[in-house]
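To start, the structure under review is shown below, and the notes come after it.
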Amino acid sequence: TPVMVDAAPGERVVLTLFAPDHPPAGLGIALDPRRDGMAIRGVVPDSPAERAGLRPGDLIVAIDGESTAGMDFEAFVERGVGEAGTEVELT
């Protein structure tokens, strides 16, 4: 996975990277974080998201009961990516 770092000249940057114990699996959606939740921009064909009926334009307002209002993309991914077969509840 690519990592982008935007450091100023002379600035020291420390990155901590880890590899999961399992191949990660995701929902199969492209998102636009918004103040009121996560807007679905696109859905990968034959993905868990498509099979669940999610479509571009849908708004995810909670993940596993936690509000997505104001949530950043990384925090959402942390909750929505896991081992294949892991269930996630989206509202």
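The values are calculated or read from the model by the stated rules, or taken from the named source; none is laboratory data. All of these numbers come straight from a predicted model, not from anything done at the bench. Here the Cβ is made from the backbone with ideal geometry for all residues, glycine too, and neighbour counts use every protein chain on show. Accessible surface areas use protein heavy atoms only, side chains included; no ligands, DNA or RNA. Shrake-Rupley method; radii C 1.70, N 1.55, O 1.52, S 1.80 Å.
The residues of the chain present an accessible area of 75 Å² per residue when probed at 1.4 Å with all protein chains retained.
Comparing mean-square fluctuations of 46, 72, 32 from a GNM of the chain with C-alpha springs under 10 Å, the top value falls on 46. Amide H contacts for residue 31 (H built 1.01 Å from N in the peptide plane; partners 5 or more residues away or on another chain; cut-off under 5 Å): 41. Set Lys and Arg Cβ to +1 and Asp and Glu Cβ to -1, take the dipole of the chain about its Cα centre, and tell me which of 52, 90, 5 lies farthest positive. Farthest towards the positive pole: 5. Potential lengthening of the chain between residue 44 and residue 14 amounts to 7.5 nm, from the contour at 0.36 nm per residue minus the alpha-carbon distance. Distance between the pseudo-spin-label points of residue 7 and residue 87 (7 Å out from Cα toward the beta carbon): 4.4 nm.
Note on the chain: GNM, Cα springs under 10 Å; of 13, 77, 61, the largest mean-square fluctuation is that of 13. When Cα extents along the principal axes in Å is computed from the coordinates, the matching label among (i) 46, 28, 19; (ii) 48, 32, 25; (iii) 44, 31, 23 is (ii). Quote the relative contact order of the chain in percent (integer), defining contacts as alpha-carbon pairs under 8 Å separated by 6+ residues. For the chain, the relative contact order is 28 percent.
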